[in-house]
Amino acid sequence: MTNCKKTQKNKYVNSAVMMAVLLTAALFAVTASPVGAKEFIQPTYEFSTNYYDAYGEPDIYASVLGDTVFERGETAQVRIVLSNRGVLYGFKAKADVGTKESDHAKSLKEIEYESLRTTAFGVKAEMVSITDNIEVDPTTSVQTLDKLYPGVLPDDPMSFTITISDNAPAGSYVLLLPVSYEYQSQVEMTDGSTVRLGLPDLDHTTFYKTRNTTLQIPLVIEPAAKFAVSDVEGELTSGQSGIINVTYTNVGEVEAADAFARIIVMKPLSSDRSVVNLGNIAPGESKTASFDLAAEISAVEKNYGIDSEIKYCDEDGEIEFSDNIIVEVPLRSREARISITTLALAGILLVAAYMGYNTIRRKDDKK
């Protein structure tokens, strides 16, 4: 009689193991629904039975959609797709199922619930820049997902807004993407005793753990020509014209071919020739453009900021325009010069008059 019971018990155990293997294979193709038990306060272990321990966790990766090459001064969207490559490796029996058919049914149901162990719940991703050359818009820096199933991509990518500094050196950069989420660490089956806790329909209880990982998002700032004003020679006078020599330096990484410098002047300044050919400008090389400017007589004495730009051909032969470059031009008032001269002459006349008066007085005293 005892041997017969042992044989029957072994049959049930073997049957459960076979069902577990079959369910494990099927779970990779079928996505289960999230466990509603997370909405409740979890019962303690004394209200439940753990038939199996599952092995495997979520494994989160990030991929960038579209081009990862950006230009200086550009504001762009970085679209990220998170994927979960978590694998459920298997199960280990933790409790004797026995011969009861209801216990076998609960143990198989636990395997079904345990299949969600590799699902990431409450996913939160925050993009962080570790360089001053790239700024992440704080209104888009945090993105969330309710859940992320293994092998199932989200319906929509996460979109982060970044701005590249105008002065950012060309090269490779890395943005950080810290990701936090929860996953099922344990599922246990209840036996109806949770009625005392006000949870009559709860057939299992689920325990969760939190995981944090930091992913890296690589991007490239494209090399390009970049210009700066390195010197300005010359001075304007109100009511007159003059030559202003502006030296432009290519502070970028590539040559600017067939470059032209152009200035944009507004009243009280004017120019008959606002475009000057500079030729090719290699990285680190400087070229000087001479502009003939005129100032109205009513122009106020101060430094005038004149807008300028460089038109050139890039490495691919495409026409490009530089950012706006400010040229500081000093202007002196002609009226101020006349006033100073007049004052100087007046001073000389006063001195001469005083000396003449003293001479005449001395002559009168001698008489």
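Laboratory data are not the source of any read-out in this text; all were calculated from the coordinates shown. Quick caveat, the model's predicted, so the values are computed rather than measured. Here the Cβ positions follow ideal geometry from the backbone for every residue, glycine too, while neighbour counts run over all protein chains shown.
Computed values, structure above
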{"quantity": "Per-pair calculated FRET efficiency, R0 = 25 Å: Glu135 and Tyr61 via Cβ, rounded to 0.05", "calculated": "0.50"}
{"quantity": "Approximate spin-label separation Lys92-Lys124, in nm, with each point projected 7 Å along Cα-to-Cβ", "calculated": "3.2"}
{"quantity": "FRET efficiency for Val142 and Asp323, using Cβ-Cβ distance with R0 set to 25 Å, rounded to 0.05", "calculated": "0.20"}
{"quantity": "Cβ-derived FRET efficiency at R0 22 Å, Ala224 paired with Thr288, nearest 0.05", "calculated": "0.50"}
{"quantity": "Anisotropy class of the stretch 147-256 from Cα gyration tensor, a/c 1.5 cut", "calculated": "prolate"}
{"quantity": "Label-point gap, in nm, between Ser102 and Arg79 - each point 7 angstrom along Cα→Cβ", "calculated": "5.4"}
{"quantity": "Highest to lowest packing among 166-177, 115-126, scored as the average C-beta count within 10 Å", "calculated": "115-126, 166-177"}
{"quantity": "Cα→Cβ-extended label distance, 7 Å offset, between Ser241 and Asp166, nm", "calculated": "3.1"}
{"quantity": "Peptides 53-65, 228-240 ordered by average Cβ neighbours within 10 Å, highest first", "calculated": "53-65, 228-240"}
{"quantity": "Descending semi-axes in whole angstrom, ellipsoid equivalent of the stretch 227-332, from the Cα gyration tensor", "calculated": "28, 12, 10"}
